[in-house]
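Report on the structure given below.
The values are calculated or read from the model by the stated rules, or taken from the named source; none is laboratory data. Note that the structure is predicted; figures quoted are calculated from it, not measured. Positions of Cβ are backbone-derived with ideal geometry, glycine not excepted, and every protein chain shown enters the neighbour counts. Calculation scope for accessible area: heavy atoms of the full protein, side chains included, ligands and nucleic acids excluded. Shrake-Rupley method; radii C 1.70, N 1.55, O 1.52, S 1.80 Å.
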Amino acid sequence: MAKSLKKVVIVGGGSAGWITAGTIAAMHQSQSEQGIKVTLIESPTVNIVGVGEGTWPTMRGTLQKMGVSETDFIRECDVSFKQGAKFAKWVTGAENDFYYHPLVLPQGYFDIDLIKHWQQNKQGKSFSQAVCFQEQLCEQGLAPKLITSPEYAAVANYAYHLDAGKFAEFLKSHCIKKLGVEYISDHVGTINNTLSGDIASVNTAKHGDVSGDLFVDCTGFSSLLIGKHFQVPFISKKDVLFIDTALAAHIPYEEGEDAIASHTISTAQYAGWIWDIGLPSRRGVGHVYSSRHTSEADAENALRIYLASSIGEKSKKVTFRKIEINPGIREKFWVNNCVAVGMSAGFLEPLEASALVMIELAAATISEQLPANRACMDIVAKNYNERTSYNWERIIDFLKLHYLASKRQDSAFWRDNQNPASIPQSLQELMTLWKHRPPSEYDFSRKREVFSAASYQYVLYGMDFNFTQDHRSASEEKQEMAERMFAENIKITEKYMRALPAHRELISKIQQFGFNKI
């Protein structure tokens with residue numbers, strides 16, 4: 001009879017390690033005698049990359065399942081709310097060029113496709129403005145909920161912006177104190193195998209051999225287990241996604257009570273783009289670019305020019321942290337009794353905050369599909385690898401779409417991004433379909449897609465995609481429904497504009513009073 005799985009050993013901390021530890025420990029009751037034991041080994045000297053400050057709405061459910069108080073999380077991790085992303089200068093590069101990818105679905109999304117009706121009568125409104133109230137909330141600097149809202153409940157769907165370093169420390173404390181995770185601060189050296197090739201244990205400098213049934217590689221770019229030990233090949237995606245370098249900085253607010261943007265601001269540049277994320281205490285700003293298309297000096301100059309618009313002469317004194325990015329993924333993610341999560345599995349670029357959501361998906365899938373014993377593990381691993389590969393490929397398509405759909409021709413970076421040789425075949429096929437009809441849920445094969453068809457719609461029609469009129473005729477009934485949906489969106493927008501507080505005002509009230517807990 002196969003031995004039951006009793007212990008999970010996670011090598012590496014950071015967001016990947018602690019989200020995985022918390023997710024497994026909470027579901028499998030690690031604090032009880034009968035539960036699955038979770039041990040996390042973290043090097044005392046390895047620094048967190050710490051630029052992943054944007055999340056998806058899934059993070060609310062992830063934290064809630066761990067038993068985390070949203071009030072405590074917001075207070076301790078320098079958290080603000082995220083209601084989507086504003087893409088500036090991505091379409092033509094003009095000063096007034098912007099569109100939104102909000103987190104609220106279009107009005108009547110499951111009942112009617114509003115795109116053809118919007119195209120016939122735009123009335124000067126962008127697609128997201130016509131079908132969703134959230135763009136206006138972001139433009140007016142409003143929060144997605146009220147102080148009287150229960151924890152994790154939303155008026156407008158939301159995610160978070162956070163301090164990645166503080167977040168990892170917060171989760172660490174919660175996992176150890178509340179969820180029964182065993183913590184070892186030590187260096188991992190050699191990996192000890194069983195005769196069958198599984199990992200039997202990892203050897204640490206001060207704690208000796210740490211054994212387990214399943215090992216999770218959260219060692220980041222070093223990929224100690226899946227890469228160095230199992231020699232799983234790394235597949236570069238640099239031929240599709242050109243971004244390979246980031247310059248990042250923390251920027252203090254000019255005034256202590258400056259407004260906090262409730263969305264990620266992404267401003268396209270000559271050979272990349274600049275992110276601007278507002279936290280309660282500071283902004284996180286950085287320029288990601290292709291070193292093949294611009295120099296570090298020019299990228300730094302572009303970032304200083306961007307910062308000068310908000311902090312003036314102080315922009316000349318800002319120091320930047322340089323981060324090398326090697327966009328790509330592992331050929332496999334689960335081998336024998338080892339599974340990679342986070343950057344050890346893959347990383348593409350910061351656009352659309354895919355890094356943390358892939359960690360969440362990995363942790364949830366491992367926890368929900370945790371094999372009962374070693375005999376089941378290879379079957380679970382096969383399914384996991386197929387699912388994870390699919391998710392990565394869809395993310396690559398979605399990220400590439402942002403560059404492909406641009407009308408910018410002012411640099412080699414933008415022209416090269418529109419070269420068919422750099423576009424995955426799967427995305428080329430979808431673009432052929434979408435010339436004649438809007439993106440649909442039928443275009444994707446999984447029940448749980450990382451990015452829904454609505455996300456593709458917001459990006460495509462935000463970027464003024466050339467769409468041949470839908471060959472499918474609309475009935476009079478559908479036309480009337482569309483008019484009702486547009487009118488309903490106007491009504492809801494006006495209602496929420498009156499009712500919701502300013503973003504900073506809500507953050508201040510949370511710091512002072514906290515949310516209602518249910």
Placing +1 on each Lys and Arg Cβ and -1 on each Asp and Glu Cβ in the chain, then taking the dipole about the Cα centre, the residue among 388, 284, 207 whose Cα reaches farthest towards the positive end is 207
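Counting only Cα atoms, I'd like the Rg/Rh figure for the range 340-411, Kirkwood definition for Rh.
Rg/Rh: 1.13.
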By how many degrees, 0 to 90 and rounded to 10, does the Cα axis of helix 374-404 deviate from the longest principal axis of the chain? 30 degrees
Mind listing which trypsin sites (Lys or Arg not before Pro) in the range 96-154 are in a DSSP loop and have 14 or fewer other Cβ atoms within 10 Å? 122
75, 408, reordered so the largest accessible area comes first (probe 1.4 Å): 75, 408
Provide the net charge surrounding residue 329, with neighbours chosen by a C-beta distance below 11 Å and charges set as Lys +1, Arg +1, Asp -1, Glu -1. +1
Residues other than residue 46 with Cβ under 15 Å of its Cβ, Lys/Arg counted +1 and Asp/Glu -1, net out at -2
If I ignore ligands, DNA and RNA and count only protein heavy atoms, how much of residue 304 is accessible to a 1.4 Å probe, in Å² to the nearest 10? 50 Å²
Using all C-alpha to C-alpha distances in the chain, build P(r) with 20 Å bins and read off the rounded percent in each one. 22, 55, 23, 1
Kindly report, to the nearest 10 Å², the accessible surface of residue 435 as traced by a 1.4 Å probe over protein heavy atoms only. 100 Å²
Which one of 401, 221, 445 has its Cα pushed farthest toward the positive end of the charge dipole of the chain, where Lys and Arg give +1 and Asp and Glu give -1 at the Cβ? 221
As a test, work out the antiparallel percent of DSSP beta bridges whose residues both lie in the chain, rounded to the nearest 5. 70 percent
Relative contact order for the chain: what percent, with Cα pairs under 8 Å and sequence separation of 6 or more? 24 percent
Net charge over other residues, Cβ less than 12 angstrom from the Cβ of residue 348 (K, R count +1; D, E count -1): -1
Note, ³J(HN,Hα) from phi for the range 413-427, Karplus 6.51, -1.76, 1.60, rounded to Hz, x at Gly and Pro: 4, 6, 5, 5, 5, 9, 6, x, 5, 9, 9, x, 4, 4, 6
Nearest-ten-degree value, helix 503-512 long axis tilted from longest Cα axis of the chain: 40 degrees
Pull up all non-local amide H partners of residue 201: gap of 5 or more, or a different chain, and H-to-H distance under 5 Å with H placed in the peptide plane. 192
Net dipole in debye of the range 138-286 [+1 Lys, Arg Cβ; -1 Asp, Glu Cβ; about Cα centre; nearest 20]: 200 debye
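Among the listed pairs 3/332; 7/166; 237/332; 65/172, which have their C-alpha atoms separated by more than 21 angstrom in this model?
Checking Cα-Cα distances, 3/332; 7/166 exceed 21 Å.
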Per-residue ellipticity at 222 nm attributable to helices in the chain (runs of n ≥ 4 DSSP H, -39500 (n - 2.57) apiece, nearest 500 deg cm²/dmol) works out to -11000 deg cm²/dmol
Return the loop-located chymotrypsin sites (Phe, Trp or Tyr not before Pro) in the range 101-135 (DSSP other than H, G, I, E, B) with at most 10 other Cβ atoms within 10 Å of their own Cβ; answer none if there are none. 110
Relative to the Cα centre, what is the charge dipole magnitude of the range 302-426, using +1 at the beta carbon of each Lys and Arg, -1 at the beta carbon of each Asp and Glu, and rounding to the nearest 20 debye? 520 debye
224, 5, reordered so the largest accessible area comes first (probe 1.4 Å): 224, 5
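About the Cα centre of the chain, what is the dipole size in debye to 20, counting +1 per Lys and Arg Cβ and -1 per Asp and Glu Cβ, all else neutral?
460 debye
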Cross-link partners of residue 116 among lysines (Cα-Cα below 24 Å; sequence separation of 8 or more within a chain): 86, 125, 407, 435, 478, 491
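Hey, got a sec? Which GluC sites (Glu not before Pro) in the range 326-419 land in a DSSP loop and have at most 15 other Cβ atoms within 10 Å? Walk me through the numbers on the way to the answer.
Details: sites: 331, 352, 360, 368, 386, 393; in loops: 331.
Here the sparse-neighbourhood loop sites are 331.
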Note to self: C-alpha centroids of the range 184-251 and the range 1-35 sit apart, in Å, by 17 Å
Order of exposure, largest accessible area first, which applies to 98, 515 with probe 1.4 Å: 98, 515
Give the residue from 434, 311, 370 lying farthest towards the positive end of the charge dipole for the range 309-436; charges sit on Cβ (+1 for Lys and Arg, -1 for Asp and Glu) and the dipole is referred to the Cα centre. 311
Assuming a viscosity of 1.567 mPa s and a temperature of 4 °C, what translational diffusion coefficient in µm² per second does Stokes-Einstein assign to the range 133-249, Rh being the Kirkwood radius over Cα pairs? 67 µm²/s
What is the log10 of I(q)/I(0) for the range 69-134, computed with the Debye formula using one identical point scatterer on each Cα and no solvent, at q = 0.15, 0.27, 0.28 Å⁻¹? -0.65, -1.17, -1.20
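What is the range 354-481 by shape, rounded, prolate or oblate, if you read a ≥ b ≥ c off the alpha carbon gyration tensor as root eigenvalues and call it rounded for a/c under 1.5, prolate for a/b larger than b/c, and oblate otherwise? All intermediate terms of the calculation are to be shown ahead of the outcome.
On the way: a/c = 2.75, a/b = 1.56, b/c = 1.76.
Cα axes put the range 354-481 in the oblate bin.
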Using modelled amide H (1.01 Å from N, peptide plane; none on Pro or chain starts), what sits under 5 Å from the amide H of residue 279, excluding residues fewer than 5 places away? 284
